Structures are given as structure tokens and as C-alpha cells.
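The values are calculated or read from the model by the stated rules, or taken from the named source; none is laboratory data. Because the structure is a prediction, the values reported are computed rather than measured. Here the Cβ is made from the backbone with ideal geometry for all residues, glycine too, and neighbour counts use every protein chain on show. When the accessible area is computed, the model is the full protein with side chains, heavy atoms only, and any ligands, DNA or RNA have been set aside. Shrake-Rupley method; radii C 1.70, N 1.55, O 1.52, S 1.80 Å.
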Amino acid sequence: MAYEGTAYQGWQVQKIGKGVQEQVESALAKLFPSRPRLHSSSRTDTGVHALGMVAHFEAPQVECKMSGRKLALALNAWLPEDIRVVAATRALKDFHARFDAAKKQYRYFVWNHSSLNPLVRRTAWHVTRPLDLPAMRAAATAFVGNHNFQSFSANPRYTPASAVRNLIRCDLKRSSSLITFIIEADGFLYKMCRGIVGTIVQVGLGKFSPGEIKQMLARKDRRMAGMTAPAKGLVLWKVFYERANRASKP
């Protein structure tokens with residue numbers, strides 16, 4: 001699924017406000033009398049977007065008469081225009097969108113120019129001051145590997161068993177005024193991506209040096225690292241699964 005998260009209080013069903021999950025479950029209820037529940041690969045936060053969210057649901061066999069292609073079309077007919085099912089397929093019985101995920105890729109977009117491009121006002125962080133890209137790239141390399149990322153995670157909604165994650169990739173690409181962060185890991189802590197991006201941008205502004213990143217990681221204290229980047233620049237880009245045959249063809 002893909003969605004623009006501007007109007008939503010994150011993925012999950014919310015007591016106050018709208019969650020993306022409840023919008024899709026409401027559409028499913030129009031097609032399946034059993035009103036199936038969605039299980040997602042990730043839980044994006046308020047204002048965060050997705051291009052590659054994966055989710056699964058279970059429904060009685062008697063209700064499953066449509067092909068994956070027709071199901072996607074039928075769901076999109078009931079969904080708001082800022083949420084779309086890109087593709088659907090029948091999955092193996094033991095497939096789980098969250099627990100079978102091997103790694104995830106997030107991308108974060110920064111518009112680095114004195115004037116904001118209005119076409120990206122909802123999907124990029126506007127940073128007006130010039131950024132030192134070589135320094136930012138040097139800082140990014142320090143995040144790669146197995147580290148305790150507690151210094152870059154906000155207070156979680158729940159306490160994770162461990163704050164150690166394997167960051168596989170942390171790259172920066174620039175195209176004119178648009179800077180794209182590409183971050184891949186086997187898992188992410190609450191607001192971890194945004195803590196990493198915010199800190200790297202502050203390196204680019206001269207607030208920190210690239211060499212300070214290792215010290216921040218070692219301190220395991222959120223107060224020791226940089227700012228949390230705004231939610232609107234973050235996109236869940238892709239979820240990777242190790243076994244290619246986890247889902248069958250439609």
C-alpha cells in the first residue's frame with residue numbers, strides 16, 4: 001500500500017483522530033462480511049508517509065472469490081484518494097507481514113533551498129541554510145553496523161527488548177535542491193530514522209562534527225544526540241522478505 005500520511009495520526013487505529021489502518025479495514029468490511037483485521041509490516045507515526053507498506057489479513061475461504069488485481073481495484077474504490085492499494089495477492093497460510101520482514105528501507109527528503117518548492121511542501125523538510133554534504137556523508141557512515149540506537153530514539157510507546165539494531169545502509173544523494181536519505185535496517189526504534197536524519201542535518205549546519213556520532217551512540221542517551229527531523233519528510237519506502245516464495249501468485 002501507499003499513502004500520504006499528512007491527514008492521519010499514523011498507521012494504527014486511533015482513539016482520537018484517523019489512522020490509515022482503520023480506513024483500509026473499513027474498505028475491507030465493505031467486501032468481506034467477516035470484517036478482517038489488518039496486520040502490518042510497520043507502524044508509521046503521525047504525518048509519516050508510505051510507498052511500500054505491506055499488510056496481510058485473513059478471511060474465510062468462502063469470502064475469497066476475487067483475484068488480487070480485482071481486490072486492489074475494489075478496495076481503492078472505497079478508500080480516500082490519499083491511500084491506495086498498489087497490489088494484492090494470496091499469501092501462504094503462515095505468512096506474516098511483520099514477523100517475516102527481513103529488513104526495511106526508509107527514505108527521508110530534505111529540500112535545501114532558501115525557497116520551498118510548493119510541490120514538496122507535504123513530503124519534504126525545508127532547510128533554508130546551506131548544508132555541508134561531505135560532512136553529512138561522513139557522519140552517515142558512522143551509523144552503519146550493529147549499534148545501540150537509544151540516543152536516536154524518542155521515548156517509545158512500549159519498551160523494546162533491546163535498542164540494538166543493525167543499520168545496513170545510510171546514504172545521502174543530492175539532486176539539485178533535493179537531498180534524499182536512504183536508510184535500511186533490520187528494524188527501527190520509535191522515531192529512530194528521524195533522530196538520525198535530524199542529527200546528520202545538524203552536522204551539515206556545523207552544530208556537530210562527524211566524529212561526534214560515535215560518542216552519541218556510546219552514551220545511549222537521547223539528550224546527547226541531535227534533533228528529531230519533522231515527520232513529513234519520512235517515507236516507508238520498501239519492506240524486504242527473505243523468501244521470495246512467501247506469497248503465491250494472484
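Here are some notes:
- Most to least accessible of K232, K220, K15 (protein chains only, probe 1.4 Å): K15, K220, K232
- Computed on the chain, with alpha-carbon pairs under 8 angstrom and 6+ residues apart, the relative contact order is 25 percent.
- Positive minus negative residues near M224 (Lys, Arg vs Asp, Glu; Cβ under 12 Å): +3
- Carbon and sulfur %, accessible surface of the range 1-105 computed with the full protein complex present, 1.4 Å: 52 percent
- W111 exposes around 40 Å² of accessible area when a 1.4 Å probe is run over every protein chain in place.
- Probe 1.4 Å - accessible area at F208, Å² to nearest ten: 40 Å²
- Coarse-grained scattering of the range 23-92 at q = 0.13, 0.15 Å⁻¹, given as base-10 log I(q)/I(0) from a Debye sum over alpha-carbon atoms: -0.36, -0.48
- Between the range 1-23 and the range 67-87, the alpha-carbon center distance in angstrom: 16 Å
- Accessible surface for K104 stands near 40 Å², nearest 10, in the context of the full protein assembly shown (1.4 Å probe).
- Linear extension gain, A2 paired with T128, 0.36 nm per residue minus alpha-carbon span: 42.5 nm
- The candidates L236, L131, arranged from most to least accessible area with a 1.4 Å probe in the full protein assembly, appear as L131, L236.
- Considering only beta bridges that DSSP places wholly inside the chain, some 85 percent are antiparallel.
- For the range 1-43, the mean projected area of the C-alpha convex hull, equal to one quarter of the hull surface, is 3.3 nm².
- Taking the square roots of 5 times each eigenvalue of the Cα gyration tensor of the range 13-159, largest first, gives ellipsoid semi-axes of 35, 20, 15 Å.
- Förster-model FRET efficiency, 25 Å R0, R174 and K207, C-beta, rounded to 0.05: 0.80
- In this structure the chain gives 53 Å² per residue of accessible area when probed at 1.4 Å with all protein chains present.
- Value of relative contact order over the range 62-204, rounded to a whole percent, pairs C-alpha under 8 Å and six or more apart: 24 percent
- Cβ-derived FRET efficiency at R0 35 Å, R35 paired with A154, nearest 0.05: 0.55
- The per residue volume of the convex hull around the alpha-carbon atoms of the range 67-140 is 143 Å³.
- Relative contact order for the range 3-124: 25 percent, from Cα pairs under 8 Å spaced at least 6 residues apart, divided by residue count.
- Whole-Hz couplings from phi, Karplus 6.51/-1.76/1.60, listed for the range 77-85; x for Gly and Pro: 5, 9, 8, x, 5, 8, 10, 9, 7
- Near G19, once Lys and Arg are set to +1 and Asp and Glu to -1 for all other residues with Cβ below 12 Å from its Cβ, the sum equals 0.
- Per-pair calculated FRET efficiency, R0 = 22 Å: N117 and D186 via Cβ, rounded to 0.05: 0.05
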